[in-house]
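One structure is given here, and the rest of the page talks about it.
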Amino acid sequence: MQSDKPLTMRRRSLVLGSAAAAASLAAPGLAQAQAEDIVIGGSIPMTGVFAFAGIGINAGISDYVKIVNDAGGIKGRKVRYVPEDTGYKVDVSVAAFKKITSQNKVNLYYGDSTGFSKTINPELDRNGNILMAGASFATELNDPKKFPNQFLVGPDYTEMFGILLRHIAREKPGAKVAFVYSDSEFGRDPIDESEALAKKLGLSVPAKIMTPPGSVDVSTEVIKLRRAAPDYTIFHGYILAPIPEFIQQGKQQGMTSKWMGTFWTMDSSTVMKMGEAGDGFMGVMPYRYYYDTEKAPMLEKIRAMRPEYQSTAYTQGFLTAMLFVESARRTLEAGKPLTGANLKAALNSIKDFDTGGIIGKPITIKGNSIPVGRVYRADMKAKKMVPASDWIALN
């Protein structure tokens, strides 16, 4: 029996040696199996002027990917998230896209800006295997013919104005509405179409005031605004400045306008920076806020993962990942390859879809946007944004 022991040991070492050799021969196969991960690439502005949003977006995508993988992935396949910091610069974002797609078989991609989304579009069409969404809500991207492999995770900027204008028309028929916007592609985007819609809704637009994006001295513009005497003023194309300056000076000059903004102004932490001037400030939000108390199982999951307040940029990243995963799941369940066209068709098959309460009503995605939102109002005493309307769907 004792003489058998060395033989057993020898056999074992031979078996282990064979296994190691087999593993080294199988290395290309293992790499191929790794490529079977469903890969979300990301041009994410973790530094630069838009870092406050990029950090939230990155955390939101990462958290949803973790939830999916902890539950076993998509039809047994893991989801892998591969982000690169872009500093919110289009050329850096394009370089990040090329790097990520050359090193990974990418199926889904998050873009950081309108500029990047437009620049990379021909590459998406050529590649044919990627569905993309991102931080932009540009109206131009809401065109399935020109941008067949992209979508917006919410209403486009013109649809955001549409939600606000419908709310105004219900609250005060025949109201006067002023538009104040930045001299930028972002700022100008919804203005002309929204003026036409306001007239259709029986509202008038007595003033359209454009300012430089980072303007500080707005005293001349405030005088013009006061003369127009609007019932409502909608700001667009800014994050924060010069909105508080407009409101403070307007109130000092006796204006009684209600003040409103669009998505990138409406994070709770941004509005709270307005201080006293921001009390009652309203705007459109496609998602529930982190602290909303209405029933929302997915928000409860987020709050359990992250007990501290998460920004609306976080929610946008989280929901983007959810819709990416749902598109991939539907494509694989239909037995189809993960091409851009198949992923987009799967996205457009989403009808009355429950986001777990992130959006307050089931969503249907017909084209390139999700034209749903709600008007929220700042309550400075409670330090929260509170609902000022029901959920308004445009389709």
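The values are calculated or read from the model by the stated rules, or taken from the named source; none is laboratory data. Computed from a prediction, not measured in an experiment: that's the story for all the values here. Positions of Cβ are backbone-derived with ideal geometry, glycine not excepted, and every protein chain shown enters the neighbour counts. Each accessible area value is taken on the protein alone, full model and side chains, heavy atoms only, with ligands, DNA and RNA left out. Shrake-Rupley method; radii C 1.70, N 1.55, O 1.52, S 1.80 Å.
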Of Gly128, Gly250, Gly76, the most mobile residue in a GNM of the chain (C-alpha springs, cutoff 10 Å) is Gly76
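If you take the square roots of the eigenvalues of the alpha-carbon gyration tensor of segment 160-310 and sort them as a ≥ b ≥ c, do you get rounded (a/c under 1.5), prolate (a/b over b/c) or oblate? Display every interim value, and only then the final one.
Numbers: a/c = 1.94, a/b = 1.50, b/c = 1.29.
Prolate, because a/c is 1.5 or more and a/b exceeds b/c.
From Cα pairs below 8 angstrom and at least 6 apart in sequence, can you work out the relative contact order of the chain, rounded to a whole percent?
Relative contact order of the chain: 17 percent.
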Report Rg (one decimal) and Dmax (nearest whole number) for segment 239-307, counting Cα atoms only, units Å. 14.8, 46
Measure off, as a whole percent, the carbon and sulfur share of the 1.4 Å-probe accessible area of the chain, all protein chains present. 54 percent
With the cut-off at 29 Å, tell me which of the pairs Lys118/Lys251; Lys295/Lys381; Lys105/Lys366; Lys224/Lys366; Lys89/Lys344 have Cα atoms farther apart than that. Lys118/Lys251; Lys224/Lys366
Over segment 258-352, relative contact order from alpha-carbon pairs under 8 Å, at least 6 apart, %: 22 percent
Expressed in angstrom and ordered largest first, the alpha-carbon extents of segment 284-395 along the principal axes are 53, 32, 20
Hey, what angle do you get for helix 114-127 against the long axis of the chain, alpha-carbon based, 0 to 90 degrees rounded to 10? 40 degrees
Degrees between helix 312-333 axis and first principal axis of the chain (Cα, 0 to 90, nearest 10): 50 degrees
Listed residues Ala304, Ala313, Ala296, most fluctuating in the chain (Gaussian network, C-alpha, under 10 Å): Ala304
Neighbourhood charge, 11 Å Cβ-Cβ cut-off, centred on Pro45 and excluding it, Lys, Arg +1 and Asp, Glu -1: -2
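Please give the per residue accessible area of segment 282-395, computed with a probe of 1.4 Å over protein heavy atoms only, in Å². Don't skip to the answer; put the middle values down first.
Values: 4380 Å² over 114 residues.
About 38 Å² of surface per residue is accessible.
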For segment 99-161, place one equal point scatterer on every Cα, skip the solvent, and apply the Debye formula. What is log10 of I(q)/I(0) at q = 0.21, 0.23, 0.24, 0.27 Å⁻¹? -0.79, -0.93, -1.01, -1.23
For segment 97-238, how big is Rg over Rh, using alpha carbon atoms and the Kirkwood form of Rh? 1.09
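Per 0.36 nm of contour for each residue apart, how much would the distance between Asp217 and Asp183 grow if the chain were fully extended, relative to their Cα-Cα spacing? Before the final figure, lay out each step's value.
Values: separation 34, 0.36 × 34 = 12.24 nm, distance 1.48 nm.
My answer for the length gained is 10.8 nm.
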Answer rounded, prolate or oblate for segment 283-334, using the Cα gyration tensor with square roots of eigenvalues a ≥ b ≥ c: rounded when a/c is under 1.5, else prolate when a/b is larger than b/c, else oblate. prolate
Per 10 Å bin from zero, what fraction in whole % of the C-alpha pairs of segment 31-186 is there, up to the bin with the longest pair? 10, 34, 32, 16, 7, 2, 0
Just the accessible area per residue of segment 174-270, please: how many Å² with a 1.4 Å probe? 41 Å²
When we measure straight from the Cα of Lys273, which aspartates and glutamates land under 15 angstrom away, once same-chain ones fewer than 8 places off are left out? Glu245, Asp379
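Multiply the residue separation of Asn127 and Ala229 by 0.36 nm, subtract the distance between their alpha-carbon atoms, and state the gained length in nm to one decimal.
On the way: separation 102, 0.36 × 102 = 36.72 nm, distance 5.19 nm.
Full extension from Asn127 to Ala229 adds 31.5 nm.
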Could you compute the net charge surrounding Val79? Neighbours are other residues with a C-beta less than 14 Å from the C-beta of Val79; K and R count +1, D and E count -1. +2
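Using a Förster distance of 41 Å, how high is the FRET efficiency between Lys200 and Asn69, based on the Cβ-Cβ distance and rounded to 0.05? List each step's numbers first, then the result.
Numbers: r = 47 Å, r/R0 = 1.15.
FRET efficiency, Lys200 to Asn69: 0.30.
Could you work out the equivalent-ellipsoid semi-axes for segment 258-297, taking the square root of 5 times each eigenvalue of the Cα gyration tensor, largest first, in whole Å?
On the way: eigenvalues 81, 25, 16 Å².
Each semi-axis is √(5λ); the values are 20, 11, 9 Å.
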Net charge near Ala95 (other residues with Cβ under 15 Å of its Cβ; Lys, Arg +1; Asp, Glu -1) is -2
Cα axis of helix 219-228 to longest principal axis of the chain: angle in degrees, 0 to 90, nearest 10? 70 degrees
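Within the chain, what's the longest stretch lacking GluC sites (Glu not before Pro) that sit in DSSP loops with no more than 16 other Cβ atoms inside 10 Å?
Numbers: sites that count: Glu36, Glu294, Glu308.
The reported range is 37-293.
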For the chain, the spread of Cα positions along each principal axis, largest first, Å: 104, 44, 38
Would you calculate a helix-derived [θ] at 222 nm for the chain, using -39,500 (n - 2.57) for each DSSP H run of n ≥ 4 and dividing by the full residue count, to the nearest 500? -13500 deg cm²/dmol
Find how many whole Å separate the alpha carbon centroid of segment 239-257 from the alpha carbon centroid of segment 262-337. 28 Å
Accessible surface of Thr119 - all protein chains present, 1.4 Å probe, nearest 10 Å²: 80 Å²
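Figure the gain on full extension for Lys381 and Lys98 (residue separation times 0.36 nm, minus the Cα-Cα span) and round it to one decimal in nm.
Numbers: separation 283, 0.36 × 283 = 101.88 nm, distance 4.78 nm.
Net length gain for the segment: 97.1 nm.
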Within a Gaussian network of the chain (alpha carbon springs, distance under 10 Å), most fluctuating of Leu164, Leu332, Leu131: Leu332
